[in-house]
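Enquirer: Provided herewith is a single structure, encoded as structure tokens, for subsequent inquiry.
Just so it is clear, none of the values below were taken in a lab; they were calculated from the coordinates. Keep in mind it's a predicted model, so treat the numbers as computed, not measured. Using ideal geometry, Cβ is built from the backbone for each residue, glycine included, and neighbour counts are taken over all protein chains shown.
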Amino acid sequence: MDDLRTLRAWRAEVPEPGPEWVVPERRRLLTRMRERRRTLGRRLLVVGALGTAAALAVVVLRPQPQVEVPGIVSTAPIVRLDSGVVLARAAEVAGGRESAQVPLPTQWHYTRTLDKQPNADTTKTVEQWLRYDGRQAASYDENGDLSVGPEGDPRDPGDDDLSPQQYDAKLRALPTDPVKLLAKITADPHWIRGAREKGVPHRVPPAAIRGYHVIMLYLSRYGSMPPRLESAMFRALALIPGVRIEQGVRDAAGRAGLGVWLETDEDRPSRRYTVLDPVTYRYWGTRTVWLRDEFLGRKDVPALPKGSVWSTALVASTIVDRPGDRG
Amino acid sequence: MIAEDLGSIDDAELIRRSRRDPEAFAGLFDRHAPAMRRYVARRLGPSLADDVVSDTFLTAFRRRDRYDSGHPDARPWLYGIAARLISRHRRVEIRFYRALVRTGVDEIAEPYAERVDDRVAAEQAGLAAALAGLSAGDREVLLMVAWADMTYEDVARALGIPLGTVRSRLHRARARTRLALGGSNPVTTREESLDG
């Protein structure tokens with residue numbers, strides 16, 4: 001008997017699966033692909049279609065509800081603060097922090113993020129380890145096993161995200177004079193080039209708007225930011241016209257903080273707050289609130305009815321020695 | 001996008017498109033996932049196979065910008081990724097082989113199989129014992145050839161090893177399986193019969 005023929009015949013009964021397997025498994029793969037792009041991709045959420053596209057990664061996967069709209073979250077009374085005063089105080093507090101050590105390239109940046117999608121009942125927790133040099137990523141898979149990815153660049157083509165090391169290098173090169181800081185940030189070709197994705201027209205937002213978003217992005221990466229620079233970030237923010245701050249804005253962890261947003265001339269269906277800790281002024285998360293119905297695809301049923309809320313929360317961000325460590 | 005006829009374009013083109021249109025990558029899944037699911041299930045059982053296949057395509061998706069478009073068939077690339085993921089479950093794979101040797105019941109084939117006669121059962125137990133005793137590298141080559149219908153060139157590309165190494169690993173692995181099947185058949189030493 002031919003050994004290979006015998007081997008080929010063995011377990012040959014195991015069938016090749018049909019559409020009943022392919023369809024749900026394909027859907028699962030697409031969800032995982034999109035999820036990845038959502039967590040890793042597109043750091044600079046500029047105004048316009050991009051922010052919405054990122055928020056809706058999960059929404060569009062599901063059948064649209066015919067009549068009922070997802071639970072509209074009532075908005076607690078909000079108090080508008082004097083942004084100049086708040087930002088001056090934030091600059092003072094940030095400037096008094098202790099400076100952090102520069103991590104080694106082989107250490108890992110661990111983050112735990114909560115994400116509450118506009119139409120989801122539950123809040124999702126995403127844990128991720130990104131090696132400091134950005135060449136490897138790790139996360140827990142669906143079975144609860146730590147899965148360390150292959151070495152290489154984990155980003156999608158066109159992604160404008162940087163490695164933790166690159167972020168820190170960028171930050172260390174910035175001046176701590178607020179005027180010069182804002183000028184340098186708005187002139188940074190990396191953020192002018194931005195992320196590129198098929199089907200999303202590329203446009204460069206005006207300098208002030210771009211400056212605002214880049215500062216918010218940098219503030220979300222606290223931990224290794226030099227205190228004097230963080231202080232300057234808040235002072236630079238105060239130079240941007242239209243920066244508004246409200247009290248009692250909640251992130252996905254339910255924490256009520258300071259909601260910073262940018263008022264522009266553009267009429268947008270939603271408002272995106274960056275939520276800061278009201279005591280330490282550290283980045284907590286984001287809250288996007290839909291001020292009117294937003295239609296995507298279907299014209300009769302809004303994909304995001306007025307009152308929808310998408311929130312996120314960064315509940316841990318620290319440098320650890322190994323993937324799986326939580327600091 | 002799904003409605004488009006993808007039958008006429010090769011894997012390399014599909015991967016190239018997915019760089020601009022990420023969801024085009026699902027076309028590669030439709031094309032190769034069912035056979036890969038069968039292949040992995042034959043080694044690790046159905047529940048692990050689902051995860052391994054999904055992880056394989058997710059990993060492939062992440063690395064799609066590094067795909068060498070000179071290869072129109074992505075199977076070796078995909079099975080190479082799968083091989084590394086399967087190797088993480090080596091103990092599971094070997095446990096199935098050993099359980100068959102010990103109990104005479106193949107937990108992987110059993111849910112689908114008709115009752116096998118004693119001669120076949122003995123052959124299978126012999127194969128299982130041989131597979132359990134092979135080095136991981138030899139087993140990988142043997143099963144890629146036998147169960148994934150790969151050519152030597154495909155296997156070399158999948159595992160990133162020279163063609164000569166594929167031949168020597170296969171030679172070693174087949175010597176073990178022949179021994180386990182209780183004797184040799186001169187015909188089976190002709191490699192050309194499987195190369196293609």
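Enquirer: Using the Cα gyration tensor of the range B:10-69, with a ≥ b ≥ c the square roots of its eigenvalues, what is the shape: rounded (a/c below 1.5), prolate (a/b larger than b/c) or oblate (neither)? Walk me through the numbers before you get to the answer.
Expert: On the way: a/c = 2.56, a/b = 2.22, b/c = 1.15.
The shape class here is prolate.
Enquirer: Next question, about the same structure. If we count other beta carbons within 10 Å of each Cβ, what is the order of A:E263, B:E13, fewest first?
Expert: A:E263, B:E13
Enquirer: Compute, for the range A:108-320, the length of the dipole vector about the Cα centre, with Cβ point charges of +1 (Lys, Arg) and -1 (Asp, Glu) only. Units Debye, rounded to 20.
Expert: Details: 30 positive and 28 negative charges, 132 e Å.
Its charge dipole is roughly 640 debye.
Enquirer: Where a Cα-Cα gap under 20 Å defines reach, which lysines qualify for A:K124, not counting those fewer than 8 residues away within the same chain?
Expert: A:K116
Enquirer: What does the charge count around B:R139 come to, taking other residues whose C-beta lies under 10 Å from its C-beta (Lys +1, Arg +1, Asp -1, Glu -1)? Could you put the intermediate results ahead of the total?
Expert: Details: positive: B:R43, B:R90, B:R169, B:R176; negative: B:E93, B:D138, B:E140.
Around B:R139, the surrounding residues sum to +1.
Enquirer: Additional query: Using a Förster radius of 51 Å, what is the FRET efficiency between A:T318 and A:V23 based on their Cβ-Cβ separation? Nearest 0.05, please.
Expert: Result of the calculation: an efficiency of 0.80.
Enquirer: Separate question: Assuming R0 = 41 Å, what is the FRET efficiency of A:R112 and A:H190, from their Cβ-Cβ distance, to the nearest 0.05? Before the final figure, lay out each step's value.
Expert: On the way: r = 27 Å, r/R0 = 0.65.
Taking R0 as 41 Å, the efficiency between A:R112 and A:H190 is 0.95.
Enquirer: Please work out whether the range A:108-320 counts as rounded, prolate or oblate from its C-alpha gyration tensor, where a ≥ b ≥ c are the square roots of the eigenvalues and a/c under 1.5 means rounded, while otherwise a/b larger than b/c means prolate and anything else oblate?
Expert: Because its axes are fairly even, with a/c under 1.5, the range A:108-320 counts as rounded.
Enquirer: Relative to the longest principal axis of the C-alpha atoms of chain B, give the angle of the C-alpha long axis of helix B:46-62, reported between 0 and 90° and rounded to the nearest 10°.
Expert: With rounding to tens, the tilt is 40 degrees.
Enquirer: Here's a follow-up. Please give the helix B:136-147 orientation as an angle from the longest Cα principal axis of chain B, in degrees from 0 to 90, rounded to the nearest 10.
Expert: Around 80 degrees separate the two axes.
Enquirer: Here's a follow-up. Between beta-carbons, use under 14 Å as the cut-off and find the net charge around B:L159, counting Lys and Arg +1, Asp and Glu -1.
Expert: Numbers: positive: B:R75, B:R84, B:R139, B:R157, B:R167, B:R169; negative: B:D138, B:E140, B:E153, B:D154.
With Lys, Arg at +1 and Asp, Glu at -1, the net is +2.
Enquirer: With label points built 7 Å along Cα→Cβ from the Cα atoms of B:Y112 and A:E98, find their separation and express it in nm.
Expert: 6.0
Enquirer: Output the 0 to 90 degree angle, nearest 10, between the alpha-carbon long axis of helix B:118-133 and the longest principal axis computed from the alpha carbons of chain B.
Expert: Approximately 70 degrees, to the nearest ten.
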